[in-house]
Every structure is written in structure tokens, then in C-alpha cells.
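A.B. asks: I have a structure I would like to understand better, so I am pasting it below and will then ask my questions one at a time.
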Amino acid sequence: MIDLTKFEGHTPGPWKAEMCLGRSYAIDAYSKGEIIFKELACVSGATESVANARLIAAAPDLLAEVERLRATLQGIANLKGMVPLLVLEKAQQLAAAELEGEDG
């Protein structure tokens, strides 16, 4: 299972991908409509730069959704006396192994 505690303390969202310097995209963090962290990340060079920048910018929302879904699954497990988190854990291990294979 992915250890979500390693993401504690991250710069809060929303993050936005903004075009800069031609084909490059900067990911900036905003609070109350103002930039609080300029160029949190920068993506450039690849044809998939736009999609990569949008994925990075969505990270806080994706993390929140994982946390929400995990809590929902735990609630279902508690109600039905089942152990779906074991299935989820195995699925996450397989997905993590696949991602690590792509990175390596």
C-alpha cells in the first residue's frame, strides 16, 4: 500500500500549470488566488509536456481523492465485516511495481 505519510507537509493546492518560455510549463501553487510558490516544478521538451504538467498540477487533488477513497473502502470493510483493504493493498503493490518498472 502506498504510504501517504510521505506526502505530509506538501505545498497545499491548488497547483496550476502555466505555459512559460515557449513549450515549457511551470507548476505554481496558489492560495486565495495569489501565487505562494512560483515554479514548484517545470516540465519541458516532450510532446506530452502539457499532459505531464497537468498531472503534476493535479497532485494535491489526486492525493485528496486517494485519501477519500481509502476512507470509504475502510468504512465499507467496517460495515460488512470484510477485508477489502487487503485486496486494495495488493492492487496498489502491483501498480507501484509497474510504475517502478517504468521509472527504472
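A.B. asks: Could you tell me whether any residue of the stretch 24-34 is at pLDDT below 90, of a type in the set (A, V, I, L, M) and over 30 Å from Gln74 (Cβ atoms)?
C.D. replies: Looking for residues that are at pLDDT below 90, of a type in the set (A, V, I, L, M) and over 30 Å from Gln74 (Cβ atoms), one finds none in the stretch 24-34, hence no.
A.B. asks: Turning to a different aspect of this structure: Looking at the stretch 1-60 only, could you name the residues that are farther than 28 Å from Ala91 by Cβ, touching a residue at least 12 places away in the same chain (Cβ under 8 Å) and among the basic types (Lys, Arg)?
C.D. replies: Listed by number, the residues that qualify are Lys16, Arg23, Lys38.
A.B. asks: Moving to a separate point now. Identify all residues within the stretch 60-69 that are open to solvent by 40 Å² or more (accessible area, probe 1.4 Å) and in contact with a Gly (Cβ under 9 Å, 6 or more places away or on another chain); write none if there are none.
C.D. replies: Of everything in the stretch 60-69, those that are open to solvent by 40 Å² or more (accessible area, probe 1.4 Å) and in contact with a Gly (Cβ under 9 Å, 6 or more places away or on another chain) turn out to be Asp61, Ala64.
A.B. asks: Applying the selection to the stretch 12-49, what residues are loosely packed, with under 13 Cβ neighbours inside 10 Å, more than 22 Å from Leu99 (Cα to Cα) and hydroxyl-bearing (Ser, Thr, Tyr)?
C.D. replies: Answer for the stretch 12-49, where residues must be loosely packed, with under 13 Cβ neighbours inside 10 Å, more than 22 Å from Leu99 (Cα to Cα) and hydroxyl-bearing (Ser, Thr, Tyr): just Ser31.
The values are calculated or read from the model by the stated rules, or taken from the named source; none is laboratory data. This structure is a prediction, so every number in the text was calculated from the model and none was measured. Neighbour counts run over all protein chains shown; Cβ positions are idealised from the backbone, glycine included. SASA here: full protein model, heavy atoms, side chains in, ligands and nucleic acids out. Shrake-Rupley method; radii C 1.70, N 1.55, O 1.52, S 1.80 Å.
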